[in-house]
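Novice: Pasting a structure below so you can have a look.
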Amino acid sequence: MERWWQLLLGLWTVMPVWAGDELLNVCMKTKHHKREPGPEDKLYEECIPWAEKACCTASTSWHAHLDVSLLYNFSLLHCGLMMPGCEEHFIQAVCFYECSPNLGPWIQKVGSSGQGERIRDAPLCREDCEQWWEDCRTSYTCRSDWLGSWDWSRGKSRCPAGAACRPFPRYFPTPAALCQRIWSGSFQASPARRGSGRCLQKWFEPARGNPNEAVARLFAAPAQSGAGPSAARPPVAAA
C-alpha cells in the first residue's frame, strides 16, 4: 500500500505545471489577506515558515500572536490561561490560515454578497491533529465551535451565558473532533501522515521547504477538471 501511494504521488509530480494553476499560489479575499502572495522578511515567530511567499503582512503575523488578537478580537483566555503548548498550536493555525498561499483548492465564497472567502475541509495531517489535541488536553474552553455564538458585549469574545468552561476533551473527545469542529469545518482531519504528500501541515521547518505546495497541486488538478477536490481526498477521520 505504501508503494502505491508513492507511485501515485510521483505521477502527480510530473503533471504539467498549468494543471489547476488558478488554485495555486493564491490568497483568500478577506480583510487581512494580501491580494497576492509575496516575500515578507519580517514575519513574526510561528508565521516565519511563509516568509518566502506569504499572504500575510508582518503586522498581521504579529497580531496573530496576541492572547486577544486584534485581527478578530478573539480571546484565547476566555476560560483563563491556556497552556503554552496549546496556545502555540492556535497561533500556528492562525498563521497557517492568514499566511499560506497553498489553500486555493479549499477556498469557498461566503456571505450573500459573495465578496468574502473562507476555507472548507482543508486536510490537516494526522500528526497535526493528534499533537494539537494532546497539548490542549489540560486547557479549558466553553465551546466546540469557535465560529459560533460568543458574548461580544465587552468588545472581545467571552463565553455565552450557560456555557461551562471544561477541559478540551469534554468538547473535543478525539483529535479529529478538534480539527474538524474548532472552526466550523475549516479543517478536515486527514488520516494521511506528514510526508505522504496528501495532507497539509499547519507548520513546517522553513529550511526543509514548504511541503504544502505539492499537496495543493495534487488537490487542484481534479478541482480544475471538474471532479472536485474530493477526487484527491483520502478517507476522512471520524470526529
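The values are calculated or read from the model by the stated rules, or taken from the named source; none is laboratory data. Fair warning: this is a prediction, and the values are worked out from it, not measured in the lab. Note that each Cβ is placed from the backbone with ideal geometry, even for glycine, and that neighbours are counted across all protein chains shown. The area values use the complete protein model at the heavy-atom level, side chains included, leaving out ligands, DNA and RNA. Shrake-Rupley method; radii C 1.70, N 1.55, O 1.52, S 1.80 Å.
Novice: Here are Val68, Val94, Val110: which of them is farther than 22 Å from Gln180 by Cα and among the hydrophobic types (A, V, I, L, M, F, W, C)?
Specialist: Val68
Novice: Of everything in the range 151-182, what is open to solvent by less than 50 Å² (accessible area, probe 1.4 Å), closer than 26 Å to Val110 by Cα and either free of Cβ contacts under 8 Å to residues at least 24 places away in the same chain or within 16 Å of the chain's Cα centre (by Cα) (or both)? Give them in sequence order.
Specialist: Asp151, Pro160, Ala176, Ala177, Leu178, Cys179, Gln180, Ile182
Novice: A further question follows. Would a scan of the range 110-118 turn up a residue that is without any contact (Cβ under 8 Å) to a residue 40 or more places away in the chain, among the β-branched types (Val, Ile, Thr) and part of a helix (DSSP H, G or I)?
Specialist: Restricting attention to the range 110-118, the residues satisfying the condition of being without any contact (Cβ under 8 Å) to a residue 40 or more places away in the chain are 110-114.
From the residues that got through so far, the ones that are among the β-branched types (Val, Ile, Thr) too are 110.
Okay, now just the ones that are also part of a helix (DSSP H, G or I), so none.
No: zero hits.
Novice: Would you confirm, using the coordinates I've provided, whether Gly185 is more than 13 Å from Cys129 (Cβ to Cβ) and either open to solvent by less than 20 Å² (accessible area, probe 1.4 Å) or not in a loop (DSSP other than H, G, I, E, B) (or both)? Before the answer, list the steps.
Specialist: On the way: more than 13 Å from Cys129 (Cβ to Cβ): yes; either open to solvent by less than 20 Å² (accessible area, probe 1.4 Å) or not in a loop (DSSP other than H, G, I, E, B) (or both): yes.
Yes.
Novice: Moving to a separate point now. Against the condition open to solvent by 10 Å² or more (accessible area, probe 1.4 Å) and either modelled with pLDDT of 95 or more or acidic (Asp, Glu) (or both), how does Glu87 come out, does it pass? Walk me through it before giving the result.
Specialist: Working: open to solvent by 10 Å² or more (accessible area, probe 1.4 Å): yes; either modelled with pLDDT of 95 or more or acidic (Asp, Glu) (or both): yes.
For Glu87, the condition - open to solvent by 10 Å² or more (accessible area, probe 1.4 Å) and either modelled with pLDDT of 95 or more or acidic (Asp, Glu) (or both) - is met.
Novice: Right, next: Condition test on Cys56, is it in a loop (DSSP other than H, G, I, E, B), in contact with a helix residue (DSSP H, G or I) (Cβ under 6 Å, 6 or more places away or on another chain), open to solvent by less than 30 Å² (accessible area, probe 1.4 Å) and closer than 18 Å to Leu103 by Cα?
Specialist: Taking the combined requirement at face value, the residue satisfies it.
Novice: Continuing with the same structure: Which one of the conditions (1) under 19 Å from Cys179 (Cα atoms); (2) touching a Leu at 6+ places or on another chain (Cβ under 7 Å); (3) among the aromatic types (Phe, Trp, Tyr) does Trp50 fail to meet, given that it meets all the rest?
Specialist: Condition not satisfied by Trp50: (1).
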